[in-house]
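Some notes on the structure that comes next.
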Amino acid sequence: MALTIGVLGCGNMGSAIAERLKERYRIFVFDKDSAKTSRCAGMTVTADLGQVFEAASTVVLAVKPQDFEKLLNEACGFVSSHLLVSIAAGISTGFIESRLGKGRVVRVMPNLAVTVGAGISCIAKGSRSTTIDVSFVQGLFNRLGKTLVIEERLMNQATAVSGSGPGFFFDLVRAKPQDQWDAFAKSEFMPALQDAGSKVGFGLANAKFLAEATTTGSLAVLKETHTSPDILRIRVASRGGTTEAGLKVLRGDIKNLDAAVLAAKQRADELSVR
């Protein structure tokens, strides 16, 4: 019998994760918005939060950061020895652990390209989780693209580079003819993003890995969704978020990419809950 994975929150990211994982796992999903769960074909949809924790030993927490504390309060009575996988930007494993008191937490920062199976997800271990837990979570997210295990202290840098990176790419290519996108991505954007990643604290190897995965994933989103860079740029740039902060500095000029990544990192720092 397939292992059961719970997914709390069926927004764009939660539904993308559930959709990819259902090929191998039994999926229980919960979202208070029935319009979102109506598209969860091939999964078990429940309006009972406790049923998810009863059915699944691993639960993905995929609600928006502003709704996260409310979710923790509601889930507190159901959590025991569960492995909790949080994809909420800016919320530390320590905060989740302190609110719940039980469970093992692994934090993940996926990016937009997981929606087409070409994402890059950065993974960090919580104080109660194990290396086996991290390896298991890495296996889950490898089904949505590439993964990189990092120290949690680098999560805000990851948010700025790989999380906001697609938004910066879409902003820069929107003025270019489509037949130039690939060349620009490989010869200009990728090395510039690698350099920016190094400047905010990543070692050379990880900066290169993140830059390559972010760039190729962003191209994949453009090609597979047939959506314009303008629309995708808007989709990534949440109001008040890290990408929006970086775009204000980028202003359509790749020479400003270092400053844009730094601005996104600083906004991630401001939004972080520890």
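Readers should treat all values here as calculations from the given coordinates under stated rules, not as data from a laboratory. Owing to the predicted nature of the structure, the values given are computational and were not obtained by experimental measurement. Backbone-built Cβ (ideal geometry, glycine too); neighbour counts: all protein chains shown.
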Problem set entry | In region 80-124, the residues that are assigned to a loop (DSSP other than H, G, I, E, B), more than 17 Å from Leu154 (Cβ to Cβ) and in contact (Cβ under 8 Å) with a residue 60 or more places away in the chain | Gly117, Ala118
For this session: Determine if region 225-242 includes at least one residue that is surrounded by 16 or more Cβ atoms within 10 Å (Cβ to Cβ), under 14 Å from Gly167 (Cβ atoms) and touching a Pro at 6+ places or on another chain (Cβ under 8 Å).
Result: yes
Problem set entry | Boolean, Ile17 is part of a strand (DSSP E or B) and among the aliphatic types (A, V, I, L, M) | no
Exercise. Which of the residues that make up region 129-154 are surrounded by fewer than 16 Cβ atoms within 10 Å (Cβ to Cβ) and over 23 Å from Gly217 (Cα atoms)?
Worked result: Thr130, Thr131, Ile132, Arg153
For this session: Could you look through region 22-67, keep only residues that are of a type in the set (Phe, Trp, Tyr) and assigned to a strand (DSSP E or B), and pick out the one that is surrounded by the fewest Cβ atoms within 10 Å (Cβ to Cβ)?
Result: Phe28
For this session: Give the residues of region 177-224 that are surrounded by 13 or more Cβ atoms within 10 Å (Cβ to Cβ) and outside any helix (DSSP H, G or I), sorted by residue number.
Result: Val200, Gly201, Phe202
